[in-house]
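Trainee: Submitted below is the structure of interest, expressed as structure tokens.
Every read-out reported here was derived from the displayed coordinates using simple, explicitly stated rules and does not represent laboratory data. Values in this document were obtained by computation on a predicted structure and should not be read as measured data. Here the Cβ positions follow ideal geometry from the backbone for every residue, glycine too, while neighbour counts run over all protein chains shown.
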């Protein structure tokens with residue numbers, strides 16, 4: 001494989017899209033990766049610039065990939081949208097994410113530490129409990145998603161079979177962010 005200098009990583013719940021280019025801008029890698037194979041893929045690469053759209057789970061992945069020696073830049077989604085050349089797809093998004101970070105005018109979002117993310121999760125959970133309880137039947141799902149999503153754990157919707165299992169692990173497990181929350185289920 002040629003020397004990859006920049007990678008765009010489009011994050012998702014289970015399958016991530018990778019788009020990598022060399023120093024000349026030629027496409028070297030276009031690949032779909034399952035969640036559990038992402039870190040193994042980046043371990044095989046020489047240190048390079050990795051771009052991601054800034055979202056809740058991007059901070060977790062930025063810390064993990066940065067620990068492998070790569071330079072990670074998070075770009076706000078509204079700035080990435082300008083670089084999408086064709087229809088909305090994961091591959092097109094990954095290509096746009098790859099193109100945005102090397103630009104000198106692009107201001108990256110600072111990567112949050114785990115402690116900063118935990119504080120944001122608490123605030124998001126409180127806000128979700130307060131504002132959504134009366135207006136939305138899905139508010140318990142949103143509280144759990146706010147609590148575990150930024151930690152890199154995918155949370156599926158309330159209609160899926162995985163939701164109840166994941167939610168019980170988080171709420172009633174050893175971490176116990178919400179004590180006495182059996183009424184959620």
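Trainee: Between residue 31 and residue 15, what is the spin-label point distance in nm, taking each point 7 Å from the Cα along the Cα→C-beta axis?
Mentor: With each label point 7 Å from Cα toward Cβ, the separation is 1.6 nm.
Trainee: Please report how far the C-alpha centroid of the range 85-117 lies from that of the range 52-67, rounded to the nearest whole angstrom.
Mentor: 10
Trainee: Can you sort 75, 5 so the residue with the fewest Cβ neighbours within 10 Å comes first?
Mentor: Numbers: 75 24, 5 17.
Going from least to most buried by this count: 5, 75.
Trainee: Taking 2.2 N^0.38 Å as the expected size of a compact globular protein, what ratio does the Cα radius of gyration of the range 1-114 give against it, to two decimals?
Mentor: Details: Rg = 12.6 Å, N = 114, 2.2 N^0.38 = 13.3 Å.
Here the Cα radius of gyration is 0.95 times the empirical estimate.
Trainee: Which order do the peptides 92-101, 17-26, 51-60 take when ranked by the mean count of other beta-carbon atoms within 10 Å per residue, highest first? Mind dumping the intermediate values first?
Mentor: Details: 92-101: 23.4, 17-26: 17.0, 51-60: 21.6.
Those peptides, ordered most packed to least, come out 92-101, 51-60, 17-26.
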